[in-house]
1. What length, rounded to one decimal in nm, is gained on full extension from residue 330 through to residue 309, with 0.36 nm per residue of separation minus their alpha-carbon distance?
2. Along Cα→Cβ, 7 Å out, is where each label goes; now give me the distance between the ones at residue 165 and residue 406 in nm to one decimal.
3. Using 7 Å Cα-to-Cβ label points, what is the residue 249/residue 275 separation (nm, one decimal)?
4. Once you place label points 7 Å from the Cα toward the Cβ at residue 375 and residue 221, how far apart are they in nm?
5. Within region 291-308, which residues have the backbone N less than 14 Å from the label spot 7 Å out from residue 153 along Cα→beta-carbon, could you tell me?
6. Using each residue's phi in region 197-205, evaluate 6.51 cos²θ - 1.76 cosθ + 1.60 at θ = phi - 60° and report the 3J(HN,Hα) Karplus result to the nearest Hz, with x for Gly and Pro.
7. Once the piece of chain linking residue 345 and residue 172 is laid out straight, how much longer is it, given 0.36 nm per residue of separation minus the C-alpha distance between them?
8. Cβ under 11 Å from residue 327's Cβ, residue 327 left aside: what net charge do those residues give with Lys, Arg +1 and Asp, Glu -1?
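None of the figures in this text is laboratory data; all of them are computed from the coordinates on show. Fair warning: this is a prediction, and the values are worked out from it, not measured in the lab. Don't worry about glycine lacking a Cβ; one is built from the backbone with ideal geometry, like all the others, and counts go over all protein chains shown.
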Amino acid sequence: MLSLNVFPPTSSSYSVTITKPNHHFSINASHKLKPNLLNSFQSSNLSLKPISQIHHSLTNSPSFNRFLSHPFEFSPKPTTQFLKAVSDEGESSPQEVNPNPKPKNIKKLVLVFGFWYFQNIVFNIYNKKVLNIFPFPWLLASFQLFVGSIWMLVLWSFKLQPCPKISKPFIFALLGPALFHTIGHISACVSFSKVAVSFTHVIKSAEPVFSVIFSSVLGDRYPIQVWLSILPIVLGCSLAAVTEVSFNVQGLWCALISNFGFVLRNIYSKKSLQNFKEVDGLNLYGWITILSLLYLFPVAIFVEGSQWIPGYYKALEAIGKPSTFYIWVLVSGVFYHLYNQSSYQALDEISPLTFSVGNTMKRVVVIVSSVLVFRNPVRPLNGLGSAIAILGTFLYSQATAAKKAKKIEGEKSS
């Protein structure tokens, strides 16, 4: 039982005593330090209550009861909101909130990267297997978004993932990013149906070129190191395209359009979603997936809907067992969502620089694995161009990370 005793002033001090079984605390306040301390208490919203009232207030407080059941649990306020508030108030930086952070678990990082890479490889392989016998990328891309939508609805329904509060401004802010995500996804899927997986990923490694160009048009400024880093990307992609055995104009243009869509999605998200920072990355991706499905499926019906049934029977004849075809389609849909989900989890665990390096290496792993699985012929110049493009992507990630670090140091010094 807690008790609070306030003794009247004797000559020059106040005495406040807090008593608990086996504990006794006493605080003395001098007139010299605060001569009107008692008057301040009485004039403020705070009031001095009898011991019985204090005990009754404490024992009936939800916060006090939560503290009793979870004495080491912090406030349930979202961490992102807390860090944002601390940062905005200028009292301290987010890095100062937790002075003794836990060391990174290397095994956990290895697992996160391992799942991320494995899921991406599985998606690319089975996505291409389906498209080889069922060349209807609009339907397959729609199904992949459908699986991701169902996955997120299950997570939210069973409270495995906290569901964000939905409002009209939030939905309107998502319409633009979801549209560009749809463009990026369907374009990549069409490219996969026309050319080798490795070639599509080489062209998609040119995404930083689009990012720098569009961001510069919108007013961002990049140092010379960033501009120099995109030169090997352009050179490597050009060399890979010229020497690609499975070269197809539509496949090339769709891969470029995919870069266009995903870059604009990222740029538009920063501008339209800056007032919704309390929504975490996985929930944001979930709602973008749902809206993208609503965008894509009606168009898919218009573009190739009349060919789905004849194409389905041809696919069954080519593969022999219907169950095998169903499994391939389902695996492509599930692992499309899983590898995107793992990328968000990886970004939560590591720095943006480490993430960008890991993303670059992931593309290398996917290219090599697809070449081994599908036995695509690779000419020496084609391999050299791919390597140069990937190297340029790595240099770009290093240069942009240095730019961000310099910007943060400038903000701190100012």
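1. Details: separation 21, 0.36 × 21 = 7.56 nm, distance 1.79 nm.
Extra length available between residue 330 and residue 309 comes to 5.8 nm.
2. Distance between label points: 4.1 nm.
3. In this crude label model, residue 249 to residue 275 measures out at 4.6 nm.
4. If labels sit at residue 375 and residue 221, their model points lie 5.6 nm apart.
5. Hits in region 291-308 for residue 153 at 14 Å: 291-294.
6. Here the 3J(HN,Hα) series is 4, 4, 5, 4, 6, 5, 5, 5, 5 Hz.
7. Details: separation 173, 0.36 × 173 = 62.28 nm, distance 2.58 nm.
So the chain would gain 59.7 nm between residue 345 and residue 172.
8. Working: positive: 129, 321; negative: none.
Neighbour charge sum, excluding residue 327 itself: +2.
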